[in-house]
Structures are given as C-alpha cells and as structure tokens.
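Some notes on the structure that comes next.
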Amino acid sequence: MLGGGGLVAANVYATASESGQTQAGQVLASGAATIDCPDVGSQLTAVPDEAKAEVDKELALLDKQIAEAYQRLQQSTQAIQQDGAFAENSIMNPLKEKRAATIERIAIAVDRVGDRPQGLEPFAACILRASGNQGEQGGDGQNGDQGGEDQQQDGDNQDNQGQDGQNQGEGQDNGQGQGDEQGDQQGGNGGQGGNGPVAADFVDIKSVQPNVQSARKQGNASRGTFSTACGVNANGLFNSDNVIVAPGVTNGAHHFHDYVGNQDNNAFASDQDLANGDTSCENKGDKSSYFWPVIRLQNGAEEQDAGSPGGGIEGNAGEIVTPKQVTMTFVGNPQSKVTEMPKLLRIITGDAKAFVNGNANANASWSCTGFEDRQLKDKYPLCPQGSDVVRTFKFQSCWDGNNIDSANHRTHVAFADANGVCGNGFKAIPQLVQRIVYDIDAPSLNDGGRTTPLFAVDSFPEQLHKPVTDHGDFINVFDEDLMGEMVDCINGGRKCDAADGAGDGDGGGAGEEPGNSPSPTPENPPGGNNGDDDPADNGNGGENTPSPTPTATAPSGGNNQDEEPADNGAENTEKPSTDSTQAPDPADGEDKGNGEAVPKTDSSPSAVQSDEAAATGGDDDLGGAVPGPEPSSASVLEPQATSGGLADTGTQLWPAAAGALLLLAGFVLLRRINSRQT
C-alpha cells in the first residue's frame with residue numbers, strides 16, 4: 001500500500017557551524033527559500049473505495065497546510081532576520097504537527113475498511129530548502145541573465161510578501177528598503193507574489209539542440225491519428241479545483257486551470273454530472289474534460305481571482321493568457337494496435353509538485369513554433385520574433401485493463417517504453433497529445449520584465465511557478481460509439497477528425513530527408529520553419545516540404561494534426577476548424593487577429609510533415625521519399641460535380657432531335673415530289 005519514496009532534498013539549515021547558520025539565515029531572510037514536504041499522496045498506491053473520499057480530503061488538507069506555511073514564511077522576513085530559529089519554531093514545527101495529525105487520520109480511515117498503511121509517520125516532517133532564486137537578487141539588476149530579474153533592486157523592498165498588491169508593512173524587507181508597495185516589489189512587472197518566475201527560468205530556444213526522438217514503427221503499428229477540436233477556453237471557464245486529485249474540495253489545486261471540453265467540471269462534479277454536461281467540443285459526442293494550469297503575464301493586471309484563494313492570495317498574479325490554438329490529437333502505438341479507453345478513465349501527465357518532488361514524473365514540454373524538435377522540461381522558452389510559445393503534453397498510453405483511476409492517480413496507467421512496448425500486461429490505448437500555442441513575446445530579462453513582462457504557469461505557491469511543474473489532466477467522457485470510431489481510425493492508419501466523423505483514408509505519406517529546408521529569410525520567418533541559421537533544424541523533426549498552393553477546395557490553415565507533438569508544421573490537410581475561437585498556427589498563414597489566416601502562396605514554404613515521419617522523427621517506413629502535395633479532406637470528402645444529369649441530357653439531345661425531324665421532313669418532301677413526277 002505504501003510505495004517507494006522518501007526525502008531527497010537539501011535542508012537550508014546548516015546547523016553544524018555558525019557560518020552555516022549565517023548562510024541559512026541569509027537565504028531565509030532574502031525570501032529565497034521554499035518548503036519541501038514529502039508527497040504523501042504519491043506514496044499511497046492502494047486505498048479501499050470506502051475510504052477514498054475521506055483520504056482525498058485529508059490529502060487536500062495537507063496541500064492547504066503547506067500553502068499556508070509557505071505564505072507565513074514569505075511574510076516573516078523581519079522576524080527571521082531578528083531570530084534565526086523563528087522559521088523552525090514558528091512555522092516548520094507547527095506544520096509538522098498538523099501534518100502528523102492529518103496523516104494519522106488517513107491511516108485510521110484506511111484501517112477501518114482495510115489494512116492500515118505502514119510507514120507514513122516519517123512523511124510528516126518537512127524541510128526548508130533554497131529555492132535557487134537567490135542568485136536573482138541583489139546587485140544592480142544587470143548581472144547577465146541571472147542578476148536582479150523579477151526583483152526591484154537598489155533599495156527597493158525585496159521580500160515581496162503579501163497578496164493583491166497590499167503593503168505588508170515596514171521592516172519586512174531584506175535590509176534594502178522599507179515598506180515599499182507590492183507593485184514595486186515585483187521589479188515593475190507585477191510578478192507572482194515574489195515567488196517566481198525569475199530570469200534563470202528562461203532560455204533562448206535557439207541555444208537548445210534538437211532533442212526529439214521517437215520510436216520507429218513496426219509492422220503491426222497503429223499509424224492513424226484522431227483529432228478533436230474543443231476551442232481555446234475563450235469563454236473563460238476557470239477554477240482552482242481538481243476533481244481528479246481533490247474531489248469535493250474547493251481550491252484543491254491552489255492554482256487556476258483552463259478548461260475545454262466538458263463545461264460542468266468543478267470539484268463537486270460527479271460522473272453523472274460529467275456525462276450530462278455540455279461540451280465545447282465540435283463533436284458533441286466528446287464530453288471529455290481537458291484542463292491545465294493557466295499561463296499569466298507578470299504585468300500587474302488584476303484578474304477575477306486577484307483576491308481569491310488559488311489566485312492572488314496564493315501568489316498566482318497577473319493577466320491570464322488565452323491560448324491562440326489548442327490541438328488535441330490521439331495517436332497510436334508504434335508496436336501494436338490500440339484498444340478503447342474505458343469511459344471516465346482519468347489520466348494526469350506531469351507533476352504539479354515536481355520542483356520539490358524531483359523530475360521522475362515531470363512530463364510537460366516547452367518549445368516555440370518552428371523549433372519543436374527542441375523540447376524543454378525545466379525552462380520556459382524565449383522565442384524569436386514571429387514564433388509562438390508552445391506547451392506540449394503527451395499522456396500515458398498504456399492501461400492496466402481494469403481501473404479508471406488509482407489512489408495516487410498514476411499506477412493504473414503508464415508510459416510505453418522507448419520502443420513503444422506496454423509492460424506488465426498493460427494494454428495500448430490511444431495516446432492523447434495536447435499542443436497549446438500562445439502568442440507571447442519573449443520577456444525582457446535585462447530589466448526584470450519591465451519592458452516586456454515575464455510569464456509563468458500557475459502553481460502551488462511553494463512550487464515557485466517553475467516550468468517543470470507544468471501538467472495536464474484528462475477525463476475520458478467520449479461517447480462509446482465515437483471512441484470506437486477513434487480506435488478504428490487509428491488502427492486503420494487513417495487521419496480522422498471528430499468533427500467530420502470520417503478520415504481521409506490515408507495512412508500518411510513520407511517526408512523529405514533532413515537538411516532540405518530553406519534557409520531562414522525575412523520572407524521565411526520562424527513559425528513554420530526554424531528561425532536560426534541552421535537549415536537542417538527546421539523545427540519539425542527534420543521534415544520540410546513546400547506547402548501546396550491553397551485553392552478554394554484546399555484552404556491553407558487549420559490545426560496542426562500531426563502525430564508527434566514535437567514536430568510542428570505537419571499541417572492538417574483536413575478542413576479548418578469551424579470553431580471561431582481556435583486561432584491558426586503561424587505556420588498556417590498570417591494571423592489577421594480575427595481568427596482567420598491569410599493563406600500562404602506557393603512561394604512561401606512551410607514545414608509539412610507526414611504522419612509517418614512525425615512518429616519516427618523523420619525516418620519513416622517509406623524511405624524518405626517526397627510525396628506530392630496531399631489533397632485536403634475538403635477535396636476528398638466534398639461531393640464532386642457530375643455530368644449526365646437531366647438538364648445536361650436535355651441540353652445535349654434537343655439539337656439532335658431537331659436535326660432528325662428536319663431530315664425526316666426532307667425525306668417526306670422528296671418522296672412527294674417524286675410521286676408527282678411519275
């Protein structure tokens with residue numbers, strides 16, 4: 001019942017020496033520390049159904065206790081400066097006592113209906129650890145990429161305590177200022193309550209080497225793709241609940257989520273509520289719930305949650321950015337056919353607590369359009385002009401065949417191995433790949449985001465808005481018939497769209513060998529092709545062919561529906577989404593700002609990749625042959641004009657009939673003349 005784990009972290013308290021105590025005190029006083037608690041929930045691999053509701057609520061209480069302790073740590077800079085033992089005596093020890101009582105209630109709840117879990121007691125203790133952000137403070141704010149970002153320097157308050165821009169009183173700084181307002185504490189950019197992001201959380205995407213690898217498909221692979229369009233949450237459906245991890249608990253996530261698909265998703269939504277809910281998906285047979293943490297600009301804007309738990313009160317501040325494009329694509333397995341997902345299957349990919357838990361379950365990837373062969377896990381990307389920020393979530397694609405959820409929300413599903421094999425008797429299911437695109441300018445790191453604001457995902461407060469904590473959630477509420485169509489499509493090697501209800505019948509073509517993309521020019525900016533000087537790095541796994549000239553029946557644009565999320569530019573040749581809220585990818589044409597795309601001409605190449613190449617990183621089964629332009633589904637599925645209709649037949653026969661009558665009349669007249677002569 002108790003899985004492996006333990007405490008692997010460095011305590012900021014170096015009590016062995018006076019110098020160590022001084023160093024620890026400096027870290028705490030600077031506000032550059034966070035609270036690291038072992039994740040009890042991840043250790044519980046089995047909980048009886050009768051105890052699950054109570055256990056879930058107690059686990060949510062553990063998260064609340066950590067959030068409250070972290071808030072107090074932020075607000076206690078002056079007290080920590082004056083008393084080196086304050087943090088331990090007034091924050092950490094009370095937290096340990098609360099956690100011990102909560103963990104005991106969890107053990108009792110399980111013991112009532114099953115075997116009492118053993119070994120949970122050590123998980124009550126938490127430690128203080130350096131956040132890694134202390135290098136961002138101090139100096140003149142010009143220390144390369146590391147100095148002074150996200151913090152007001154040269155005499156401004158550094159503690160960044162308090163929420164919603166309220167003054168937290170004098171004396172709560174770190175010796176560089178007194179009583180400055182919250183807005184000034186954020187380096188002029190309205191940062192996330194002093195707990196991130198910082199300059200060190202960002203990296204120039206052009207400095208990253210291509211790193212995408214994919215398993216080569218075998219003979220029995222399921223090669224098809226199935227996409228579902230559910231909008232971009234333009235209607236602003238948000239909450240800080242999490243019905244998977246903390247059902248029945250308001251603010252169980254402690255950060256805001258974007259929701260698309262099911263519109264009745266909150267902490268109290270039952271399975272029946274989800275089944276009966278409305279959906280933003282084009283195909284109403286998809287009532288699944290897709291949700292992820294929002295991205296915010298650190299520009300000081302106050303959103304609807306500025307004074308609420310999960311929002312400004314817990315350090316999630318700034319303007320929420322609506323995605324430019326959201327693509328949900330289900331892909332197959334490189335080794336085998338896939339089986340249907342069970343109704344109400346729950347999957348979480350990534351780890352919202354990865355900053356303190358470690359990277360074992362971290363899975364979200366960050367990149368830029370035109371550079372998606374370069375994926376980041378622990379950094380936000382700095383994208384060049386004309387390129388958009390991309391978040392990609394690849395969900396687990398192996399299922400245990402029995403359970404729609406598990407106590408730690410992980411053990412009922414798993415990732416396939418490097419070759420695409422599902423181990424331990426698990427079954428291959430369609431793999432959900434989410435690709436979320438944002439029109440966000442690269443922040444100005446040299447002035448802490450004052451000129452162009454920093455951005456970050458919402459997070460638990462003690463996770464400091466680190467990119468590695470990004471995660472996605474999915475609840476399968478597909479109609480059984482539509483799920484069956486999905487599996488048939490994927491196993492049949494077709495490219496299908498849920499809105500059409502049919503595929504194009506094409507299992508995917510081959511892509512061009514790497515190295516043949518055009519070099520970047522002002523006419524060929526990042527967004528479809530790589531914007532750096534290396535023509536081989538075209539941002540789509542090495543596949544790049546000119547896009548076909550758009551026609552009336554094959555419009556340029558639409559969602560990227562390729563099979564591999566890292567391979568940007570594999571443009572969907574099916575009809576564009578009718579969802580007016582789903583903006584086009586820059587690779588699909590110039591965004592006019594109204595949800596439409598200006599079609600490209602054939603002199604403006606874009607990265608186009610086959611499904612086969614997308615799944616193999618450019619090494620597909622067809623040997624790298626370059627196919628001709630693939631016809632769009634519009635040209636395949638739309639009925640064609642036919643000849644031989646009634647009007648056509650009449651038009652063609654009337655002249656012939658008239659001629660025949662004239663000829664007959666001539667014969668009659670000639671015969672009469674001959675008769676008279678004889």
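Among the residues of region 342-359, those that are among the aliphatic types (A, V, I, L, M) and either crowded, with 24+ Cβ neighbours inside 10 Å or within 18 Å of the chain's Cα centre (by Cα) (or both) comprise 347, 348, 352, 354, 356. Among the residues that make up region 48-69, is at least one of them out of contact with any strand residue (DSSP E or B) (no Cβ under 8 Å at 6 or more places or on another chain), free of Cβ contacts under 8 Å to residues at least 24 places away in the same chain and under 20 Å from residue 356 (Cβ atoms)? The answer is yes, given that some residue of region 48-69 is out of contact with any strand residue (DSSP E or B) (no Cβ under 8 Å at 6 or more places or on another chain), free of Cβ contacts under 8 Å to residues at least 24 places away in the same chain and under 20 Å from residue 356 (Cβ atoms). Among the residues making up region 488-504, those that are at pLDDT below 95, over 20 Å from residue 262 (Cα atoms) and not charged (D, E, K, R) are 502, 503.
Of all residue pairs spaced 6 or more apart or on separate chains, those with beta-carbon atoms under 6 Å, a first member in region 185-206 that is within 19 Å of residue 300 (Cβ to Cβ) and open to solvent by 10 Å² or more (accessible area, probe 1.4 Å) and a second member that is basic (Lys, Arg) and at pLDDT 90 or above are 188/450. With respect to the stated conditions, residue 44 fails to be touching a helix residue (DSSP H, G or I) at 6+ places or on another chain (Cβ under 6 Å) and open to solvent by less than 40 Å² (accessible area, probe 1.4 Å). The residue pairs whose first member lies in region 294-313 and is open to solvent by 50 Å² or more (accessible area, probe 1.4 Å), whose second member is modelled with pLDDT of 95 or more and of a type in the set (Asp, Glu), and whose beta carbons are closer than 7 Å, counting only pairs six or more residues apart or on different chains, are 299/319; 303/319.
Considering region 376-391, and only residues there that are surrounded by fewer than 24 Cβ atoms within 10 Å (Cβ to Cβ) and either among the basic types (Lys, Arg) or within 13 Å of the chain's Cα centre (by Cα) (or both), the residue that is farthest from residue 206 (Cα to Cα) turns out to be 377.
Inside region 54-92, residues that are part of a helix (DSSP H, G or I) and open to solvent by less than 60 Å² (accessible area, probe 1.4 Å) make up a count of 24. Considering (1) over 28 Å from residue 409 (Cα atoms); (2) assigned to a loop (DSSP other than H, G, I, E, B), the lone condition that residue 203 does not fulfil carries the number (2).
Okay, residues lined up against (1) open to solvent by 40 Å² or more (accessible area, probe 1.4 Å); (2) of a type outside the set (Gly, Ala, Ser); (3) at pLDDT below 95:
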site	(1), (2), (3)
431	no, yes, no
439	yes, yes, no
447	no, yes, yes
473	no, yes, no
478	no, yes, no
486	no, yes, no
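Somewhere in region 344-353, is a residue assigned to a loop (DSSP other than H, G, I, E, B) and hydroxyl-bearing (Ser, Thr, Tyr)? Within region 344-353, not a single residue is assigned to a loop (DSSP other than H, G, I, E, B) and hydroxyl-bearing (Ser, Thr, Tyr).
Answer with yes or no whether residue 401 is in contact with a Lys or Arg (Cβ under 7 Å, 6 or more places away or on another chain), free of Cβ contacts under 8 Å to residues at least 60 places away in the same chain and either of a type in the set (A, V, I, L, M, F, W, C) or surrounded by fewer than 24 Cβ atoms within 10 Å (Cβ to Cβ) (or both). In short, yes.
When the residues of region 395-414 are filtered to those that are among the β-branched types (Val, Ile, Thr) and in contact with an Asp or Glu (Cβ under 8 Å, 6 or more places away or on another chain), the one that is nearest to residue 337 (Cα to Cα) is 413. If you go through region 265-295 and keep only what is assigned to a loop (DSSP other than H, G, I, E, B) and in contact with a Lys or Arg (Cβ under 9 Å, 6 or more places away or on another chain), you end up with 277, 278, 281. Among the residues of region 419-443, those identified as under 18 Å from residue 332 (Cα atoms), of a type in the set (A, V, I, L, M, F, W, C) and either under 19 Å from the mean Cα position of the chain (by Cα) or part of a strand (DSSP E or B) (or both) are 428, 432, 433.
Looking across region 449-463, the residues that are part of a loop (DSSP other than H, G, I, E, B) and modelled with pLDDT of 95 or more come down to 451, 452, 453, 454, 458, 459, 460. A single member of 51, 100, 107 is farther than 24 Å from residue 310 by Cβ, part of a helix (DSSP H, G or I) and open to solvent by 20 Å² or more (accessible area, probe 1.4 Å), and it is 100. Which of the numbered conditions does residue 262 fail, given that it passes all the others? Conditions: (1) touching a helix residue (DSSP H, G or I) at 6+ places or on another chain (Cβ under 7 Å); (2) open to solvent by 20 Å² or more (accessible area, probe 1.4 Å); (3) closer than 30 Å to residue 226 by Cα. Status for residue 262: all satisfied but (2). Being among the hydrophobic types (A, V, I, L, M, F, W, C), more than 20 Å from residue 434 (Cβ to Cβ), over 17 Å from the mean Cα position of the chain (by Cα) and surrounded by 21 or more Cβ atoms within 10 Å (Cβ to Cβ) holds for only one residue in 246, 267, and it is 246.
Being in contact with a helix residue (DSSP H, G or I) (Cβ under 7 Å, 6 or more places away or on another chain), surrounded by fewer than 16 Cβ atoms within 10 Å (Cβ to Cβ), assigned to a loop (DSSP other than H, G, I, E, B) and at pLDDT 65 or above, is that true of even one residue in region 143-163? No; the residues of region 143-163 include none that is in contact with a helix residue (DSSP H, G or I) (Cβ under 7 Å, 6 or more places away or on another chain), surrounded by fewer than 16 Cβ atoms within 10 Å (Cβ to Cβ), assigned to a loop (DSSP other than H, G, I, E, B) and at pLDDT 65 or above. Does residue 253 fit the bill of being of a type in the set (Gly, Ala, Ser), at pLDDT 90 or above, within 30 Å of residue 54 (Cα to Cα) and open to solvent by less than 10 Å² (accessible area, probe 1.4 Å)? Answer is yes for this residue.
The values are calculated or read from the model by the stated rules, or taken from the named source; none is laboratory data. The model shown is predicted, which means the values in this text are computed figures rather than measured ones. Glycine also receives a Cβ, built like all others from the backbone with ideal geometry; neighbour counts cover every protein chain displayed. When the accessible area is computed, the model is the full protein with side chains, heavy atoms only, and any ligands, DNA or RNA have been set aside. Shrake-Rupley method; radii C 1.70, N 1.55, O 1.52, S 1.80 Å.
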